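Student: Structure below; questions to follow.
The values are calculated or read from the model by the stated rules, or taken from the named source; none is laboratory data. Since this is a predicted model, take the numbers as computed values, not measurements. Using ideal geometry, Cβ is built from the backbone for each residue, glycine included, and neighbour counts are taken over all protein chains shown.
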Amino acid sequence: MAPILLHALTALLYAALASHLWNTRWRGRSAAPLSTLERTAILVPLVLHSALLWNDLFATPELRFGFGQALSAMLWLAVAIYWVEGLFVRVEGMQPLVLALAAVCAPLPGVFPGFPTPPYTNSPAFRVHLVLAMFAYSLFTLAALHALLMTIVERRLHGGAGAKSAEAGPLANLPPLLTLEALLFRIIGLGFLLLTLTLVSGAVFSETLFGQALRINHKTLFAIVSWLIFAALLAGRHFYGWRGRVALRWTLAGFVSLLLAYVGSRFVLEVVLHRSLL
């Protein structure tokens, strides 16, 4: 099957599952956990998505890694992590959103294939840097989604309908807000560690190749800003007990900065300016 058809099939399967879970959980206001059949069904587009990413990133003679591949990889990891997380924590309320985002992002490499990257990107050191970056991005994507989920739950609990509005539908069996908050900060902590390793490995790689640890550009600037935001958030949590809306706002601000660091800059370069710059 042609890659473009696989991209389309993967997107359609993700979209169909997102629609199914939206209709049965949110619109149907059902608190039922995912069935074995539903969990198995999610694995089908996830496996197809895995094959597409492997072909795009590792099975080709030249690496192409633009904003389309970055978003596709981020959502692939997000779906995979959410699938595993769902075995231990009730997060059915987020599945429709995650799958819908995956449906949008999975076919992007087929539509925006990007430009070939320089030869040095085929080195093992760069691949390690790339993998660390994508895991960090995916964890912060999950953190942003968790923050949105917590915002919804908090507003329902304090809204006009009171706590009863949060007791129906897929939010009914969510863990308490404090448990969700603890989970959020575990995700942020691990993501921050991987982001730190990404920046360090990138600096080492840049120093080795270009004789300059940090090349100041939009990608580096936004990545450092994001690192500082998450560092401040974790410090505020540890020393001042930051939580609730303050923590959620910092989480979303850090995620937006991180998204602009690579995806935003690559989108401008590839789609607006039609040129490549790693």
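Student: Inside segment 233-253, can you point out the residues that are in contact with a helix residue (DSSP H, G or I) (Cβ under 7 Å, 6 or more places away or on another chain), surrounded by fewer than 19 Cβ atoms within 10 Å (Cβ to Cβ) and among the small types (Gly, Ala, Ser)?
Tutor: Matches in segment 233-253: 253 only.
Student: Within segment 182-197, is even one residue under 30 Å from residue 94 (Cβ atoms) and at pLDDT below 80? Steps first, please.
Tutor: To start, the set of residues in segment 182-197 that are under 30 Å from residue 94 (Cβ atoms) comprises 182-197.
Checking the rest, the ones that are also at pLDDT below 80 come to none.
No, because not a single residue in segment 182-197 is under 30 Å from residue 94 (Cβ atoms) and at pLDDT below 80.
Student: Residue check: is residue 48 part of a helix (DSSP H, G or I), in contact with a helix residue (DSSP H, G or I) (Cβ under 6 Å, 6 or more places away or on another chain), surrounded by 11 or more Cβ atoms within 10 Å (Cβ to Cβ) and at pLDDT 75 or above? Spell out how you get there, then give the answer.
Tutor: On the way: part of a helix (DSSP H, G or I): yes; in contact with a helix residue (DSSP H, G or I) (Cβ under 6 Å, 6 or more places away or on another chain): yes; surrounded by 11 or more Cβ atoms within 10 Å (Cβ to Cβ): yes; at pLDDT 75 or above: yes.
Spelling it out, residue 48 is indeed part of a helix (DSSP H, G or I), in contact with a helix residue (DSSP H, G or I) (Cβ under 6 Å, 6 or more places away or on another chain), surrounded by 11 or more Cβ atoms within 10 Å (Cβ to Cβ) and at pLDDT 75 or above.
Student: Going by the conditions given, is residue 24 at pLDDT below 90, of a type in the set (Val, Ile, Thr) and outside any loop (DSSP other than H, G, I, E, B)?
Tutor: Here the answer is yes, as residue 24 does meet what is asked.
Student: Considering 60, 40, which residue is modelled with pLDDT of 90 or more, farther than 19 Å from residue 258 by Cβ, surrounded by fewer than 17 Cβ atoms within 10 Å (Cβ to Cβ) and among the polar types (S, T, N, Q)? Quick ask: steps written out before the conclusion?
Tutor: On the way: 60 fails: modelled with pLDDT of 90 or more.
Residue meeting the stated conditions: 40.
Student: Next question. Please indicate, with yes or no, whether at least one residue in segment 36-54 is within 26 Å of residue 111 (Cα to Cα) and among the basic types (Lys, Arg). Break it down into steps so the answer makes sense when it comes.
Tutor: Taking segment 36-54 as the starting set, the residues that turn out to be within 26 Å of residue 111 (Cα to Cα) are 41-54.
From what is left, the residues that are among the basic types (Lys, Arg) are none.
No: segment 36-54 contains no residue that is within 26 Å of residue 111 (Cα to Cα) and among the basic types (Lys, Arg).
Student: Cβ-Cβ distance below 9 Å, separation of 6 or more or different chains: which pairs start in segment 227-250 with a residue that is on the phi > 0 side of the Ramachandran plot and end on one that is loosely packed, with under 14 Cβ neighbours inside 10 Å and assigned to a helix (DSSP H, G or I)?
Tutor: Note: no pairs meet the criteria.
Student: Scan segment 65-102 for residues that are small (Gly, Ala, Ser), surrounded by fewer than 23 Cβ atoms within 10 Å (Cβ to Cβ) and modelled with pLDDT of 85 or more and report the count.
Tutor: Number of matching residues: 2.
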